[in-house]
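The values are calculated or read from the model by the stated rules, or taken from the named source; none is laboratory data. If you're wondering where the values come from, they're calculated on a predicted model, not measured in any experiment. Don't worry about glycine lacking a Cβ; one is built from the backbone with ideal geometry, like all the others, and counts go over all protein chains shown. Note: accessible area is taken over every heavy atom of the protein model, side chains too, but ligands, DNA and RNA are not part of it. Shrake-Rupley method; radii C 1.70, N 1.55, O 1.52, S 1.80 Å.
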Amino acid sequence: SQIAAGMLISLVGAAIIFVGSYLFTTVAFPQYFEEIRTVGERVLREQGKSEEEIRTTMELSASMQTPFFNAITGVIGTLMTGVIASAIIAFFVRKK
């Protein structure tokens, strides 16, 4: 039951994370992903990557650099952290 309670709290947190992340990347900072791509491209150039390598890397990463995908990864991370933390806490509480 302790893990279920932790999971419920994680679900609430995940919903907040989703909305916050989505608003962050669409309303507060609508150019966020464009700036990330620009910095990423500059770093690849500084590392001496070829134009072909840069283009391929940028194309592969572009599909994951969307507000929705970013928000979903935050939800998944929050849920995973909640389950792990709940299990650890439940272990120590039951030990007492």
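Express the relative contact order of the chain as a whole percentage, based on alpha carbon pairs under 8 Å and six or more residues apart in sequence. Provide the component values of the computation, followed by the final result.
Values: 61 pairs, mean separation 53.2, N = 96.
Averaging sequence separation for qualifying contacts and normalising by length gives 55 percent for the chain.
Round to the nearest 0.05 the FRET efficiency obtained for Glu41 and Thr73 when R0 = 30 Å and r is the Cβ-Cβ distance. Mind dumping the intermediate values first?
Details: r = 22 Å, r/R0 = 0.72.
The computed FRET efficiency comes out at 0.90.
If you take the Cα centroid of segment 1-65 and the Cα centroid of segment 70-94, the two points sit 20 Å apart. When nucleic acids and ligands are ignored and a 1.4 Å probe is applied, Leu8 ends up with an accessible area of around 110 Å². What the phi angles of segment 9-17 give under the Karplus curve with 6.51, -1.76 and 1.60, with θ = phi - 60°, is a coupling list of 4, 5, 5, 5, x, 5, 5, 5, 4 Hz, glycine and proline written as x.
Would you mind getting the accessible area per residue of the chain, heavy atoms of the protein chains only, 1.4 Å probe, in Å²?
Values: 6900 Å² over 96 residues.
Value returned for the chain: 72 Å² of accessible area per residue.
Our coupling estimate for segment 57-73, obtained by passing each phi through the Karplus curve with A = 6.51, B = -1.76, C = 1.60 and θ = phi - 60°, is 4, 5, 5, 5, 6, 4, 5, 9, 9, 10, x, 5, 4, 4, 5, 5, 5 Hz, Gly and Pro reported as x. Measuring with a 1.4 angstrom probe and ignoring ligands and nucleic acids, Glu41 comes out at about 60 Å² accessible. Accessible surface of the chain, 1.4 Å probe: 71 percent of it comes from carbon and sulfur atoms.
Set against the labelled values [x] 52, 17, 17; [y] 59, 30, 17; [z] 44, 38, 25, Cα extents along the principal axes in Å computed from this structure falls on [y].
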